[in-house]
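Contents: one structure, followed by commentary.
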Amino acid sequence: MPSQQRPTIAIVVKGYPRLSETFIAQEILALEGRGLPLSIWSLRHPTEKAVHPMHKRIKARASYLPEYLYQEPLRVAAGLAWGLRQPGVRRMLATFWRDLKRDMTPNRGRRLGQAFVLARELPAEIRHLHVHYLHTPASVVRYAAMLRGLTFSFSAHAKDIWTTPDWEIREKIADSAWGVTCTRDGHARLTALAPPSPSGVGRVDLVYHGLDLSRFPAPPQRPARDGSDPADPIRIVTVGRAVAKKGFDDLLTALAALPEGLHWQLVHIGGGELLAELKQQAAREGIGGRVVFLGAKAQPDVIAMMREADLFVLPAKQAKSGDRDGLPNVLMEAASQELAIVASDFAGIPEFLRDGREGVLVPPGRWDLLANAVNMLARDPARRTYLGKAAAARLARDFSMEAGIDHLATLFQAQLGGDGDAVPGSGAAAKLEAERALAAVRAE
């Protein structure tokens, strides 16, 4: 669809804005700062009242697809009527039918309906689609891209890598222009499923989110608490949604096992489906009076709590569903404040924190070793100071945001560098142009 307007990239997300996805907001804001024209399309409306300051600075307009098709039947009907007349509909429906035979769920049908709406309502200046998460959001984008004859790319993060079937990951990568992911183990899984592509199309790159350190205050000076004074207990903080993969149940068990002579308090920040269960567990373990659940908070409130804390703990593990974390941004936020960290030696965490050098790492699920690590660091303020400063130094040296944004900006500019006139239905012209541009980018 030729347009006289400036070519634009549509960023598609599962929900927007979301407090737990600071990495997405940071990325969008930084890409806008590089001059990339973006629009945001969300599969869900926001469920939280609070937003991060970053969300208020983002200029891209957010549009919302029907979360459930029955809620907006006129939009869905208009998308279907329009879509059935498009040259790309045969390819898209054939792909959907192959997917449905292997995943006979209502969710699959909902994604098809959302794809019809998205494809119809995308402005003519949209030249490329980029989706965060490789599971259901990428299904919507893949179908819509086929219908409109556009290229698409993806950012894969955590759950989408480890709970999506191999066949689905393989086929989505093959249809994409390119993809990125944020941890080495996630990258290894995706590249093993990616098809051979000498031109670079369908390739998956490792791109860390990093942190925009300009948004954070200088680290505070901390008192040398050692847990010996009941009037001045060690302050422990943890941040994350109350879901199984965060391991907060192990944290509560570990804290309940700490020696009676060690005085401490824990603050948890985050919403989530298991929040009520965690509160019940804290009461059952006899530590309910020492644990405060603050619920979801905006980033400035999270950083303020980290500045008052002595120790950050995140005992991530693999959930029974197979879901696991990537490299949680909250670890880098804690490091920005020179806060000593205890975390799991799991997923992408050891890519940032090395045991004994920038933090203390324990095997996932081992609450006994977690309790020992917390006990030892709580009593040793000098060790906490050393680890906090080392983590902050590693963050500034190797995990700043700039390198990742440079890489993404180059890839997006390559997508917008062609003539933009994709062939509706097949996407052949757009994909060929992307192949040439991306091969040139990676040859540099």
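The values are calculated or read from the model by the stated rules, or taken from the named source; none is laboratory data. Keep in mind it's a predicted model, so treat the numbers as computed, not measured. No Cβ is skipped: glycine too gets one built from the backbone with ideal geometry, and neighbour counts run over all protein chains shown.
Scanning the stretch 114-123 for residues being surrounded by fewer than 23 Cβ atoms within 10 Å (Cβ to Cβ) and farther than 12 Å from A10 by Cβ gives a total of 1.
Scanning the stretch 247-269 for residues that are touching a Ser or Thr at 6+ places or on another chain (Cβ under 8 Å), buried (at least 23 other Cβ atoms within 10 Å of the Cβ) and not in a strand (DSSP E or B) yields G247, F248, L251.
Specify the residue that is modelled with the lowest pLDDT; the eligible residues are those in the stretch 1-20 that are in contact with a strand residue (DSSP E or B) (Cβ under 7 Å, 6 or more places away or on another chain) and assigned to a loop (DSSP other than H, G, I, E, B). Going through the qualifying residues, I end up with P7.
Taking the condition of being surrounded by fewer than 21 Cβ atoms within 10 Å (Cβ to Cβ) and not in a helix (DSSP H, G or I), how many residues in the stretch 69-99 meet it? Adding up the residues that qualify gives 5.
Looking only at residues in the stretch 205-223 that are under 13 Å from H157 (Cα atoms) and either modelled with pLDDT of 95 or more or surrounded by fewer than 22 Cβ atoms within 10 Å (Cβ to Cβ) (or both), the one that is farthest from the chain's Cα centre (by Cα) is D205.
Take the conditions (1) in a loop (DSSP other than H, G, I, E, B); (2) touching a strand residue (DSSP E or B) at 6+ places or on another chain (Cβ under 6 Å); V292 misses just one of them, which is (1).
Yes or no: the stretch 337-346 includes at least one residue that is surrounded by fewer than 24 Cβ atoms within 10 Å (Cβ to Cβ), touching a strand residue (DSSP E or B) at 6+ places or on another chain (Cβ under 8 Å) and touching a residue at least 40 places away in the same chain (Cβ under 8 Å). No, the stretch 337-346 has no match at all.
Which residues, taken from the stretch 120-149, are within 20 Å of L93 (Cβ to Cβ) and touching a Gly at 6+ places or on another chain (Cβ under 6 Å)? Correct list: R120, M146, L147, G149. If the condition is being of a type outside the set (F, W, Y), more than 9 Å from M401 (Cβ to Cβ) and touching a residue at least 60 places away in the same chain (Cβ under 8 Å), then the stretch 210-222 contributes R215, P217, P219, P220, R222.
Regarding D368, is this residue of a type outside the set (F, W, Y) and farther than 17 Å from R235 by Cα? Answer is yes for this residue.
Here R127 fulfils each of the conditions (1) surrounded by fewer than 24 Cβ atoms within 10 Å (Cβ to Cβ); (2) in contact with a Pro (Cβ under 7 Å, 6 or more places away or on another chain) apart from (1).
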